[in-house]
Amino acid sequence: MSNIKEKVAECLVRAGSTFRVDQKEAYRKAIADEANAQLCWVMQQVLDNAMVAEERRSPLCDDTGIPHLFLEVGPNRSVTGELLEQIKEGVALGLRQLPGRPMAIKGDDYARIDQSGGLNEDSGALMPSPVLIKPVKEDVLRLTVLMLGGGPAIRGITQRVFHKHSVDVVIEEIVNRAKEGVSKLGCSPCVLAVGIGRSQFEATSLMMEAMVYGDFSKQSDFENRITEKVNEANIGPLGLGGKHSVLVTFAKVGPQRASGVRIVALRPCCCFEPRRASVEL
């Protein structure tokens, strides 16, 4: 089990400090496609920062993020309380190694809400989000760590959309809300993460799954339509204008109910997100 703890810690450090190959390539492609030198400079700075962070194994951003955990479980694998405890301990170890920014608030419910209890100086005291567990056909026990920052959480929304029996209507609603979120985010170009489900919980879970499986080099027609329409808003990197407000959209549509509404969770991820890494346990 100690090996699991170490694997989780290393995975968290990678998630918080490293751009994946497809993520780097998306930036290079956007830079090559951009005619405005100022906007190219902004995106190049993001990419250069990522390369330095990877080399030094240091955080991609001062907001080092809250660990969100996604566990894939194959048909011949099992999840025990002991395993979950080892994962939790591995997260704490990884936060200390990254290091994560101390963000854990001390105290009871009231103190944590109003922040009167003060901050815990131990980076490892930051609790991860509840673990999402997904059964898969592949015979694996795979953990994905997402380090999710505060800015996108502030600009994210989960709301109902009256679909009017039209996918176009749903896309337009997502685009309109995304334009507002991206324009206020500041840390763009961004990635849009979208989940569409039957409840707030399901939609948010699907949004997280979209971030786990999203690939910058592979976009569905649904995802491309959202990306292209938001980019028409001319928000651009750091809000300076241009056609690269959004690099890609990661979307996951789940089961739907016979109803006039669809529940949509939307997160405008910052220029460093999704900060993600996976490890087989």
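The values are calculated or read from the model by the stated rules, or taken from the named source; none is laboratory data. Computed from a predicted structure; not experimentally measured. We place every Cβ from the backbone using ideal geometry, glycine too, and count neighbours over all the protein chains shown. Remember, those area values only see protein heavy atoms, side chains included, never the ligands or the DNA or RNA. Shrake-Rupley method; radii C 1.70, N 1.55, O 1.52, S 1.80 Å.
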Residues listed by number, region 208-236, amide nitrogen under 17 Å from residue 84 label point at 7 Å toward C-beta:
none
On the protein heavy atoms, probe 1.4 angstrom, tell me the percent of accessible surface of the chain carried by carbon and sulfur.
51
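Per residue, how much accessible area does region 1-120 have with a 1.4 Å probe, in Å²?
Values: 6380 Å² over 120 residues.
For region 1-120, the solvent-accessible area averages 53 Å² per residue.
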Within straight cross-link reach of residue 5, meaning Cα distance under 18 Å, which lysines are found once same-chain residues fewer than 8 apart are removed?
88
Lysines within cross-link reach of residue 184: Cα-Cα under 19 Å, excluding same-chain residues under 8 positions apart?
229, 243
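Taking every DSSP beta bridge with both residues inside the chain, roughly what % is antiparallel (nearest 5)? Don't skip to the answer; put the middle values down first.
On the way: 29 of 40 bridges.
The answer is about 70 percent antiparallel.
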Please report the Cα spread of region 151-212 along all three principal axes, rounded to whole Å, starting with the longest.
34, 22, 17
Along its three principal axes, how long is region 1-99 when you only count alpha carbons? Whole Å, largest extent first please.
54, 31, 19
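Solvent-accessible area per residue for region 137-281 at a 1.4 Å probe radius, Å²? Each step should come with its number before you reach the end.
Values: 6130 Å² over 145 residues.
Here the residues of region 137-281 average 42 Å² of exposed surface.
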Charge-dipole axis of region 194-281 as Lys and Arg at +1 and Asp and Glu at -1 on Cβ define it, positive-most pick from 204, 250, 237
204
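Which whole-number percent is the relative contact order of the chain (Cα, under 8 Å, 6+ apart)?
26
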Using all Cα-Cα distances in the chain, what percent lands in each 5 angstrom bin from 0 up to the longest?
1, 6, 12, 16, 17, 17, 14, 10, 6, 2, 0
Which value in nm describes the separation of the simple spin-label points at residue 6 and residue 199, placed 7 Å from the Cα toward the beta carbon?
4.1
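Using the Cα centre of region 17-79 as the reference point, and only Cβ charges (+1 on K/R, -1 on D/E), how large is the resulting charge dipole? Debye, rounded to the nearest 20. Spell out each step's value before the answer.
Working: 7 positive and 10 negative charges, 48 e Å.
Here region 17-79 has a charge dipole of around 220 debye.
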